[in-house]
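A short write-up of the structure that comes next.
The values are calculated or read from the model by the stated rules, or taken from the named source; none is laboratory data. Here the structure is a predicted model, which means the values were calculated and not measured. For neighbour counting, all protein chains shown are included, and Cβ atoms are generated from backbone atoms with ideal geometry for every residue, glycine included. Just so you know, the surface numbers come from the protein's heavy atoms only, side chains and all, with ligands and any DNA or RNA stripped out. Shrake-Rupley method; radii C 1.70, N 1.55, O 1.52, S 1.80 Å.
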Amino acid sequence: SDIPVITIDGPTASGKGTLADEIAHKLGYAVLDSGALYRAAGLAASRAGIDLDDGKEVAAVARALDLRFAQGRVYLAGEDISDALRLETSGQNASRVAAHPPVRRALNQLQLDFRRAPGLVADGRDMGTDVFPDAGLKVFLTASAATRAERRHKQLIAKGISANIESLRADLEARDARDKNRSASPLHPAQDALMLDNSAQTIEESVELVLDWWARRR
Ligand code: C5P
């Protein structure tokens, strides 16, 4: 396909979603939050009472997912599940179902369908390595675990949800470890990815840098 794609992969809470949204907005591109698909598959499977470690069963649920994305919200069979998807249990469940190859295969075509003119910004774990290997720009976004835990903490506090930094950090490190060590599409930078550590950067600085990289590629 000659429709341009920018991929942003990286560990949990590195700021991929915010960066992807900003870049897509600046360029007038569509955005794919691939994590939301895994989160939705995990949610639908757990609601159906399916064992999340049963790859075949979860894949059947993933193939039948009735998902719709509109105005930054996610709908499952018409129900707005956006808030449920943001819970850390949804992230942990997503990471469990994402380890099964048949679940990944079930969600891959859905992800490819997001590639529409004039372009796409896709964020996740394997956007640059597996789903869009021909992307014109691949960013691997990182930040220290301490920084990521702090940002997560701030987000939760802002929403009026109390949280403990140490346990947030333990959760995100556990999820990263599972995502890196699985055999199906483990989290790792594509060999042609540009590395961006945003620990000491504002979101505006990261946006400028990525837009600059993109301008140089075009
Ligand atoms: O990015 P987010 O935190 O929403 O992703 C939730 C989980 O979904 C990740 O921890 C990962 O296990 C899985 N995921 C994945 N591949 C992607 C996006 C997310 O395996 N492209």
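When the stretch 62-77 is limited to residues that are within 15 Å of the ligand (Cβ to nearest atom) and out of contact with any strand residue (DSSP E or B) (no Cβ under 8 Å at 6 or more places or on another chain), the one that is most open to solvent (accessible area, probe 1.4 Å) turns out to be GLY72.
Exactly one residue among ARG175, ARG152 is within 25 Å of THR129 (Cα to Cα) and modelled with pLDDT under 95, and that residue is ARG175.
For every residue, the table says whether it meets (1) without any contact (Cβ under 8 Å) to a residue 40 or more places away in the chain; (2) within 20 Å of ARG175 (Cα to Cα); (3) among the hydroxyl-bearing types (Ser, Thr, Tyr).
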| residue | (1), (2), (3) |
| --- | --- |
| SER14 | no, yes, yes |
| GLU22 | no, no, no |
| GLY35 | no, yes, no |
| LEU43 | no, yes, no |
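Residues considered: ARG152, ARG115, ARG148, ARG96. Of these, the only one that is of a type outside the set (Val, Ile, Thr) and not in a helix (DSSP H, G or I) is ARG115. One residue is enough: does the stretch 61-84 have a residue meeting the conditions in a helix (DSSP H, G or I), within 25 Å of ARG152 (Cβ to Cβ) and in contact (Cβ under 8 Å) with a residue 40 or more places away in the chain? Checked against the condition, which is being in a helix (DSSP H, G or I), within 25 Å of ARG152 (Cβ to Cβ) and in contact (Cβ under 8 Å) with a residue 40 or more places away in the chain, the stretch 61-84 yields at least one hit.
Residue selection: ARG152 fails the criterion of being in contact (Cβ under 8 Å) with a residue 40 or more places away in the chain, buried (at least 20 other Cβ atoms within 10 Å of the Cβ) and not aromatic (Phe, Trp, Tyr). Among residues of the stretch 165-176 that are basic (Lys, Arg), those with a Cβ under 8 angstrom from a residue that is part of a helix (DSSP H, G or I), sequence gap 6+ or separate chain, pair up as ARG169/ALA145; ARG169/ALA146; ARG169/ARG148; ARG169/ALA149; ARG175/GLY91; ARG175/GLN92; ARG175/SER95. Take the conditions (1) in a helix (DSSP H, G or I); (2) crowded, with 16+ Cβ neighbours inside 10 Å; PRO189 misses just one of them, which is (1).
For GLY17, the stated conditions hold: it is under 12 Å from the mean Cα position of the chain (by Cα), within 15 Å of the ligand (Cβ to nearest atom) and closer than 30 Å to TRP214 by Cβ. The listed residues are SER46, SER1, and the only one of them that is small (Gly, Ala, Ser) and at pLDDT below 95 turns out to be SER1. If you go through the stretch 26-59 and pick out every residue that is more than 15 Å from the ligand (Cβ to nearest atom) and surrounded by fewer than 16 Cβ atoms within 10 Å (Cβ to Cβ), you end up with 8. Looking at the stretch 95-107, can you tell me whether even one residue there is farther than 25 Å from PRO186 by Cβ, open to solvent by less than 20 Å² (accessible area, probe 1.4 Å), among the β-branched types (Val, Ile, Thr) and within 13 Å of the ligand (Cβ to nearest atom)? Among the residues of the stretch 95-107, not one is farther than 25 Å from PRO186 by Cβ, open to solvent by less than 20 Å² (accessible area, probe 1.4 Å), among the β-branched types (Val, Ile, Thr) and within 13 Å of the ligand (Cβ to nearest atom), which makes the answer no.
Contact map, the stretch 98-109: residues that are farther than 23 Å from ALA177 by Cβ paired with residues that are part of a helix (DSSP H, G or I), Cβ distance under 6 Å, separation 6+ or inter-chain. Pairs shown: ALA106/ALA59; ALA106/ALA62; ALA106/ARG63.
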